[in-house]
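For reference, the structure is listed below as structure tokens.
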Amino acid sequence: MKKNILLFGLIGILLSGVFSCAPDYETEFEVKSLVVPDNSLAPISFPLEGGEAQALVETNVELANWSASSNAEWLSVSKKEGSVTISAGSNNTYAPRIARVTIEYGHQAYYINVTQKGNTPFLLADGLRNGAIKSVSAGKTTFSVLVKSNLNVDHFLIPDTANFVHLDAITAVEGKPDEKTVTFKVDQNMSRNARSSTITLQSSDNYDYTASFVVVQSGIVFTEIPLRADMLSSNAQEVYEGPSSNLLDGDPGTFFHSAWSFSIGEAHYIQVKLDEPISGCIFWYKNRNNGNGKPTDVSIMVSADGETWSEMVHITSGLPTGASETYESNYYSSETPFTYFRFVVNKTNDGVAPTFFNMAELRMYYIQ
Amino acid sequence: MKNRIKVIYCTLLGLTLGACNSYDFEQEQYRNEINLLSNSQLIYDKQVADLSKSNDTIYLVAGLSGTQNADKSYRVALMEADSLLKAYNKSNYDIDVSRYARLLPEACYTIPYLEGNIPAGETQLRIPVYLQNLEKLSPDSIYFLDYQIDPSGTDAFNPKKKEVLLRIFKENEFSSTKQNVYYNYTSSYITTLDLNNPLVRRPTSSNQVFPLGGNSVRMMAGDEELGEYKTGYDRINEKSIVVTIGGQTSKNPLARKVTIEPYKTIDVVQMTPFEMYDNTFLINIISTPDGRATYYKEFRLHYKYRLNEADPYKEVKAILRMEYSPRADLL
């Protein structure tokens with residue numbers, strides 16, 4: 001009997017322990033929820049003039065306890081029981097704009113993306129959005145482009161790799177508020193090759209809407225100056241060989257040679273007296289077909305009157321020293337036109353001035 | 001039989017009571033001593049000043065040891081010190097003086113009082129340190145405040161915890177000096193603007209971003225290498241740019257305009273926006289159809305730079321991206 005009492009006592013304690021741990025499935029908890037249905041989460045697209053849209057909100061949360069907000073000033077949001085009204089005014093800009101509406105309760109949030117179209121921009125350079133071509137000569141020049149746009153075109157992008165074009169002036173076209181004449185300056189093209197630059201027009205009203213045109217500048221055209229023997233002279237003409245007229249005979253086997261049989265106290269030169277003044281030139285020469293007396297350091301001196309001289313360029317590298325090698329200079333120009341041209345040899349591959357030098361042929365070119 | 005049951009019950013009861021016999025927590029188990037809150041190296045480095053506020057507050061914390069709340073108040077007084085800073089510099093940098101940590105300049109903080117009480121029943125005294133002008137601080141230097149307990153104005157204190165180095169970190173929305181913050185190049189181009197050598201590179205590396213002021217950060221230009229940070233002083237000065245974040249764009253409220261300027265000697269020209277390289281700082285939310293979203297902080301930059309006047313410019317069209325969690329940022 002007492003065993004049974006003990007047994008029942010222990011079973012009773014065990015059962016009460018088990019049941020005391022049982023969860024309470026009977027109590028009703030009020031679950032607060034907020035749901036924005038999928039079809040209300042679709043992106044909203046407003047036209048230019050704006051509008052209104054509704055997003056449904058299924059919730060048992062009190063109106064004051066959930067929120068609806070917009071992250072953009074242009075988009076307003078108001079809430080009421082069961083819905084959110086999203087409204088936008090007119091978009092006066094020339095670019096589309098976007099915003100985001102957030103409907104949230106606690107950590108539960110729904111987002112609706114909103115876009116609105118902007119005014120349609122137009123931007124034309126010489127009547128074309130892209131592809132207009134402006135051809136200019138090789139010389140320093142200017143050209144104009146007619147820009148037509150309802151945007152404020154405030155950026156003219158010239159690439160660093162083709163920056164020979166420079167914005168000069170923007171002038172309004174009378175009676176046509178959407179049109180402007182834009183003038184550009186173009187640098188002298190010093191190369192025989194044509195070059196081009198793509199100019200991009202851009203507006204801070206809408207950076208994404210651009211127009212462009214291409215400037216093509218022709219290469220420089222050089223004309224050979226017809227040199228005659230009577231135009232040549234030297235301060236150190238060798239008496240035994242190499243008259244200066246050999247420079248013009250077209251024969252690479254003949255040559256000019258400066259003095260080796262006597263000495264003078266200054267650097268040897270060959271001089272050209274031109275018939276007409278020029279403002280710049282390219283010169284070309286061919287070495288004598290031997291290995292000595294090849295200029296390696298040369299000053300090109302120019303003068304308008306043969307009295308007052310200025311150094312147009314001092315060349316210290318790149319001059320050929322091999323037999324019969326040729327050299328063509330860059331185009332060099334002087335601030336004032338010159339009639340006298342001197343090729344003064346400061347150093348040769350044999351020595352330092354005053355020292356002799358030689359040369360087989362000499363030519364000069366000017367810009368036509 | 002009856003006795004056996006009694007013995008069993010008594011044994012169970014005894015065991016139960018014995019198991020519940022608690023240690024005597026009613027009594028104080030340790031000494032009540034003042035200490036300055038710090039880690040094992042006597043540095044307190046858990047607080048970060050927010051640069052977006054013109055003033056932010058961090059705290060020097062004096063604690064009271066013991067297992068019980070004290071039944072009386074304890075006086076605490078602090079005073080400036082320098083021995084820990086000297087020890088820190090000596091042990092970390094030895095003779096490399098250029099790398100020494102510095103005391104926070106006086107123009108950058110105000111401490112309204114250095115004395116107080118830990119009231120009876122409480123265990124802490126927090127002394128505020130009002131921080132200001134932190135944009136003047138180099139993000140590459142280590143700054144501390146060094147304070148110790150003033151024995152004359154403090155009740156019993158722990159001599160091993162009598163001094164503290166309070167590390168000054170700063171952060172803004174874009175970066176922090178507390179940890180290294182990297183943004184990764186994505187869809188980026190670096191073009192050498194040289195007609196004869198138009199090299200185009202596609203960087204996929206990362207760029208460490210340092211906070212300067214509330215709305216400005218510093219980063220290396222293009223894909224210039226920071227290299228080893230410890231020896232990077234000259235490289236930082238020569239090759240860094242400053243990006244300042246401004247107001248919202250009219251097109252997208254999640255995008256803010258930026259301006260790009262040289263940090264020191266570099267020649268930088270900000271170019272006009274081009275396609276997605278629109279010179280903005282963008283919170284880019286990329287959502288998947290199932291409703292999940294990934295959040296990125298992105299610098300979308302278009303600029304050109306060169307390190308020497310004789311060099312051609314390098315044009316940078318870059319998206320520098322760092323994933324983040326907006327909820328974690330709120331923690």
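The values are calculated or read from the model by the stated rules, or taken from the named source; none is laboratory data. No experiment lies behind these values; they were computed from the predicted model shown. Because the Cβ atoms are built from the backbone with ideal geometry, glycine has one as well, and the counts that use them run over all protein chains shown. SASA here: full protein model, heavy atoms, side chains in, ligands and nucleic acids out. Shrake-Rupley method; radii C 1.70, N 1.55, O 1.52, S 1.80 Å.
Points to keep in mind about this one:
- Normalised radius of gyration (Cα atoms, divided by 2.2 N^0.38 Å) for segment A:224-367: 0.95.
- Note on chain B: with a GNM built from Cα contacts shorter than 10 Å, the maximum mean-square fluctuation among B:L166, B:L103, B:L36 falls on B:L103.
- Cβ-Cβ distance of B:E323 and A:N152, R₀ of 41 Å, FRET efficiency by 1/(1 + (r/R0)^6): the value works out to about 0.65.
- In this calculation the C-beta distance from B:Y59 to A:D38 is compared with R0 = 51 Å, giving a FRET efficiency of 0.60.
- When DSSP beta bridges are restricted to pairs lying wholly in chain A, around 95% turn out antiparallel.
- Here is how the number arises for chain B: DSSP H runs of 4 or more residues each give -39500 (n - 2.57), the sum is divided by the residue count, and the result at 222 nm is -4000 deg cm²/dmol.
- For chain B, taking Cα atoms only, Rg and Dmax work out to 28.3, 110 Å respectively.
- Since only B:G232, B:N196, B:F144 are under comparison, the one whose Cα sits farthest along the positive direction of the charge dipole of segment B:142-259, derived from C-beta charges on Lys, Arg, Asp and Glu, is B:N196.
- Convex hull projection area averaged over all views, chain A, Cα basis, nm²: 43.5
- Between amide H atoms placed 1.01 Å from N, distances below 5 Å from A:S83 occur with A:V57, all of them 5 or more places distant or on a separate chain.
- Counting only DSSP beta bridges with both residues in the protein assembly as shown, the antiparallel share comes to about 90 percent.
- Given charges at beta-carbon only (K, R positive; D, E negative), |dipole| of segment A:224-367 in Debye: 260
- With a 10 Å cut-off around each Cβ of B:267-274, the average count of Cβ atoms from other chains is 3.
- Restraint check, A:K134/B:K251; B:K239/B:K317; B:K257/B:K304; B:K53/B:K257, Cα-Cα greater than 25 Å: A:K134/B:K251
- Only the Cβ atoms of Lys and Arg (+1) and of Asp and Glu (-1) were treated as charged; on that basis the dipole of segment A:123-217 about its Cα centre amounts to roughly 440 debye.
- Its residues counted as N, segment B:37-172 yields a C-alpha radius of gyration over 2.2 N^0.38 Å of 1.10.
- Cα gyration tensor category, rounded, prolate or oblate, for segment B:158-262 with a/c compared to 1.5: oblate
- From most to least packed by mean Cβ count within 10 Å, the peptides A:42-48, B:90-96, A:72-78 give A:72-78, A:42-48, B:90-96.
- In order along segment B:54-65, phi translates into HN-Hα couplings of 5, 10, 9, 10, 10, 9, 8, 10, 9, x, 10, 6 Hz, rounded to whole numbers, per the Karplus curve 6.51 cos²θ - 1.76 cosθ + 1.60 with θ = phi - 60° and x for Gly and Pro.
- Intensity falloff of the protein assembly as shown expressed as log10 I(q)/I(0), Debye formula with alpha-carbon point scatterers, at q = 0.08, 0.10, 0.11 Å⁻¹: -0.96, -1.14, -1.21
- Out-of-range pairs (alpha-carbon distance over 22 Å; input A:K286/A:K347; B:K90/B:K161; A:K117/A:K176): A:K117/A:K176
- When the residues A:D160, B:D71 are ordered by accessible surface, computed with a 1.4 Å probe over the protein chains alone, the sequence from largest down reads B:D71, A:D160.
- The amide H of A:T93, built 1.01 Å from its N in the peptide plane, has A:N119 as neighbours under 5 Å, considering only residues 5 or more places off or on other chains.
- Chain A, helix-only ellipticity at 222 nm - DSSP H runs n ≥ 4, -39,500 (n - 2.57), divided by all residues, nearest 500: -2000 deg cm²/dmol
- Accessible-area value, B:R31, 1.4 Å probe, nucleic acids and ligands omitted, Å²: 130
- Positive-end ranking of A:S233, A:T326, A:F357 along the dipole of chain A, with charges on Cβ about the Cα centre, is headed by A:T326.
- Per-residue HN-Hα couplings for segment A:33-47 [Karplus 6.51, -1.76, 1.60; θ = phi - 60°; Hz; x = Gly/Pro]: 9, 9, 10, 9, x, 3, 5, 8, 8, 4, x, 9, 10, 8, x
- Mean per-residue shielding of peptide A:90-97 is 2, counting Cβ atoms of other chains within 10 Å of each Cβ.
- Comparing Cα centroids, segment B:112-169 and segment B:40-88 end up 4 angstrom apart.
- Residues whose amide H comes within less than 5 Å of that of A:N289, counting only those at least five positions distant or on another chain, are A:S324 (H built at 1.01 Å from N in the peptide plane).
- At 0.890 mPa s and 25 °C, Stokes D of segment A:129-243 from Kirkwood alpha-carbon radius, µm² per second: 143
- Protection-proxy order for peptides B:264-277, B:136-149, each taking the mean of Cβ atoms within 10 Å per residue, highest first: B:136-149, B:264-277
- Dipole magnitude of segment A:34-116, debye to nearest 20 (Cβ charges: Lys/Arg +1, Asp/Glu -1, about Cα centre): 180
- Peptide-level mean, for B:249-256, of C-beta atoms on other protein chains within 10 Å: 6
- Nearest-0.05 FRET efficiency for B:E28 and A:I11, computed from C-beta distance (R0 45 Å): 0.45
- Overall Cα dimensions of segment A:34-116, principal axis frame, Å, largest first: 42, 22, 20
- Cα centroid separation - segment A:27-60 against segment B:177-253, whole Å: 41
- In order through segment A:205-221: 3J(HN,Hα) via Karplus (6.51 cos²θ - 1.76 cosθ + 1.60), integer Hz, x for Gly, Pro: 5, 6, 5, 7, 9, 10, 9, 8, 9, 10, 9, 10, 10, 5, x, 6, 10
- Selected from B:L131, B:L84, B:L254 as most flexible by GNM, with chain B as the system and alpha-carbon contacts under 10 Å: B:L254
- Largest to smallest accessible area among B:Y44, A:Y240 [probe 1.4 Å]: A:Y240, B:Y44
- Here the simple spin-label model places points 7 Å from the Cα toward Cβ, and for A:F29 and A:S333 these points are separated by 8.7 nm.
- Gaussian network model of chain B, Cα within-10 Å springs - most flexible of B:E171, B:E106, B:E163: B:E106
- Tensor-based shape of segment B:182-330 (alpha-carbon gyration tensor, a/c under 1.5 rounded, otherwise prolate or oblate): prolate
- Inter-site label distance for A:T316 and A:N113 at 7 Å from Cα along Cβ, in nm: 6.3
- Within chain B, percent of DSSP bridges classed antiparallel, to nearest 5: 90
- With the simple model of a label 7 Å out from the Cα in the direction of the Cβ, A:N163 to A:N289 spans 4.8 nm.
- Of A:A64, A:S78, A:V313, farthest towards positive along the dipole that unit charges on Lys, Arg, Asp, Glu beta carbons give chain A: A:A64
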